[in-house]
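To keep things clear, I will list the structure first and then write my remarks on it.
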Amino acid sequence: MDKISSSSSSSSSPSPSYFKLPHHLHHVAEQMKHRRFAFQTRSQVDILDDGYRWRKYGEKSVKNNKFPRSYYRCSYRGCNVKKQIQRHSKDEEIVVTTYEGTHSHPVEKTSESFEQILRNHHIYSLTL
């Protein structure tokens, strides 16, 4: 990585130093930021404890499904991970959870139930 520092005499506040990715890694970094993972699990509850804190920011009706889709953002400051939660249209005992992005912080608490779910279920990587 190349360390780039800039200074400007016309700026009211000095620009901070930052690290810039080499040009050929920008595409890889962009893919990591928007990576999507989805999994299905049989559950009576919609929201599984995955160790992170989430803030609900929306819900909408979905065509051909009587269950709405809920939208969440990670509530950690500066983290842009989102998740969607929805019941399966053909089997209401199945919850489909889709994550988009990579957390910019460690998990707040370990959840045995979530780790067990990941061990016992297929995870699908979705590309945008």
Give the residue, chosen from Val45, Val95, that is assigned to a strand (DSSP E or B) and within 22 Å of Lys109 (Cβ to Cβ).
Val95
Identity of the residue in region 48-73, loosely packed, with under 11 Cβ neighbours inside 10 Å and part of a loop (DSSP other than H, G, I, E, B), that ends up farthest from the chain's Cα centre (by Cα)
Asn64
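Since every read-out is calculated from the coordinates, none of them should be taken as a lab result. If you're wondering where the values come from, they're calculated on a predicted model, not measured in any experiment. Positions of Cβ are generated from backbone atoms using ideal geometry, with glycine treated the same way; all protein chains shown enter the neighbour counts.
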